[in-house]
1. Tell me, what is the per residue accessible area of the chain in Å², probe radius 1.4 Å?
2. Give the residues of segment 13-32 whose amide nitrogen is closer than 13 Å to a point set 7 Å from the Cα of GLU70 in the direction of its Cβ.
3. Considering the dipole of the chain built from charges on the beta carbon (Lys and Arg +1, Asp and Glu -1) around the Cα centre, which of ASN44, PHE32, ILE99 is farthest to its positive end?
4. At 10 °C and 1.306 mPa s, grab the translational diffusion coefficient of segment 8-130 from Stokes-Einstein with a Kirkwood Rh over Cα pairs, rounded to a whole number in µm² per second.
5. For the chain, what does the relative contact order come out to in percent, with C-alpha contacts under 8 Å and a separation of six or more?
Amino acid sequence: MSSKLFTVQEANAMLTTVDQELRKIQTLKRDFEAKYMDLRRLKNEQAEQVSGEKDPFFFMETELEFLQIEAKSLIQGFQLKGVELKDIDTGLVDFPCIIDGQEVLLCWKQGEDAIRYYHSRHEGFAGRKPISE
């Protein structure tokens, strides 16, 4: 069992914060991917031109490292809260919970206004079932 378990009400109360942090991670991921592709392109274009001069890519590489650090920090924040970030791009998040005496995962997808589904740890998103009141 997970160390942190949520009720449906506790998980729903966290959704605004989870959504905001998830949006930050998504933005960081997009920024990282775009900057990484720019860096690769520039390195390929300038491979022949770079000789004994200082590394012309240092600033871009440092910027990428800072984006990674910031994203890792936000992801670790999810983990410390006991929230399981399943997919950054689709905004899929799970909250461990006990339903009918079994540990399950309350399942929330970005864009949903509340948590209405759960699944076992082994079923995943495809096995979502509605939460009965």
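The values are calculated or read from the model by the stated rules, or taken from the named source; none is laboratory data. Because the structure is predicted, anything quoted here is derived from the model rather than measured. As a convention, Cβ positions derive from the backbone with ideal geometry for all residues, glycine included, and neighbour counts pool all protein chains shown. Remember, those area values only see protein heavy atoms, side chains included, never the ligands or the DNA or RNA. Shrake-Rupley method; radii C 1.70, N 1.55, O 1.52, S 1.80 Å.
1. Value for the chain: 66 Å² per residue.
2. Flagged as within label range: 23-32.
3. So the residue furthest toward the plus end is ILE99.
4. After rounding, the answer is 95 µm²/s.
5. Once divided by the residue count of the chain, the mean separation gives 24 percent.
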